[in-house]
1. Kirkwood Rh and Cα-based Rg: tell me the resulting Rg over Rh for the chain, rounded to two decimals.
2. Could you list Ile62, Ile89 in order of exposure, starting from the residue whose Cβ has the fewest other Cβ atoms within 10 Å?
3. How do Trp151, Trp12, Trp100 line up, fewest other C-beta atoms within 10 Å first?
4. Could you give the dipole magnitude of the range 50-118 about its Cα centre, charging the beta-carbon of Lys and Arg +1 and that of Asp and Glu -1, in debye to the nearest 20?
5. Suppose the Debye formula is applied to equal point scatterers at every Cα of the range 60-102; what is log10 I(q)/I(0) at q = 0.13, 0.17, 0.30, 0.32 Å⁻¹?
6. Using Cβ counts within 10 Å as a stand-in for footprinting exposure, how do Met57, Met105 rank, fewest first?
7. In terms of the ratio Rg/(2.2 N^0.38 Å) built on C-alpha atoms, what value belongs to the range 30-79?
8. With charges set only on the Cβ (+1 for Lys and Arg, -1 for Asp and Glu), what does the dipole of the chain come to about its Cα centre, in debye to the nearest 20?
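Bear in mind that the values in this text are calculations on the coordinates, not laboratory data. The model shown is predicted, which means the values in this text are computed figures rather than measured ones. Backbone-built Cβ (ideal geometry, glycine too); neighbour counts: all protein chains shown.
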Amino acid sequence: MRAPDHGLLRPWRFLVLQGAARERLGELFAQAALADEPELPAAKLDKLRGKPLRAPMIIVGICSPRDHPKVPLLEQQLAAGAAIDNLLIAAHAQDIGAIWRTGPMATHDTVTRGLGLTEQESLLAFLYLGTPDGPRRPLKEEDFQPYVQDW
Ligand SMILES: Cc1cc2nc3c(=O)[nH]c(=O)nc-3n(C[C@H](O)[C@H](O)[C@H](O)COP(=O)(O)O)c2cc1C
């Protein structure tokens, strides 16, 4: 519930999917793919159905914008993105494995309608959460210098 948030609009909401809800999301993925490609082979449909089963919990991060004379949609989407990132950081701080994913399913009408989003809302993240089952991936030290200039 904390993020940089112009106007304190709290322009976000979250759906928590566990257990059979992940199977229902997989079914939505399959329906979405079939809507685009009715002849899609069964193996590909099964692969899509299995995607949400890769973690025990998925949190869907949604931007739920409010009408505001001074806070444009982009700022509300940024605030929602920051709230989602704070959730990710909070998970990592508790040693919960977490990854932010989107992909074509995040913007597919069949999926967003199936999850109950309104026309105004946007699906910003599928956060996959669970117990890490392998060693932590070593992170390369990044040189920030090319990204920062004195002005
Ligand atoms: C909006 C957004 C969407 C993303 N979608 C995907 C995705 O669909 N698949 C994926 O493998 N990584 C995706 N990522 C990247 C991962 O969440 C992660 O940041 C990346 O794998 C780098 O890992 P690290 O942050 O541990 O270095 C996305 C990140 C953001 C911010």
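1. Values: Rg = 17.7 Å, Rh = 17.2 Å.
Ratio value, two decimals: 1.03.
2. By the 10 Å Cβ count, ascending, the order reads Ile89, Ile62.
3. Values: Trp151 3, Trp12 24, Trp100 16.
With the sparsest Cβ surroundings first, the list reads Trp151, Trp100, Trp12.
4. Values: 6 positive and 5 negative charges, 37 e Å.
Computed about the Cα centre, the dipole is about 180 debye.
5. One equal scatterer on each Cα of the range 60-102 leads to -0.35, -0.53, -1.04, -1.11.
6. Numbers: Met57 17, Met105 21.
Lowest to highest Cβ neighbour count: Met57, Met105.
7. Working: Rg = 17.4 Å, N = 50, 2.2 N^0.38 = 9.7 Å.
Relative to the 2.2 N^0.38 Å estimate, the range 30-79 comes out at 1.79.
8. On the way: 17 positive and 19 negative charges, 93 e Å.
Roughly 440 debye, rounded to the nearest 20.
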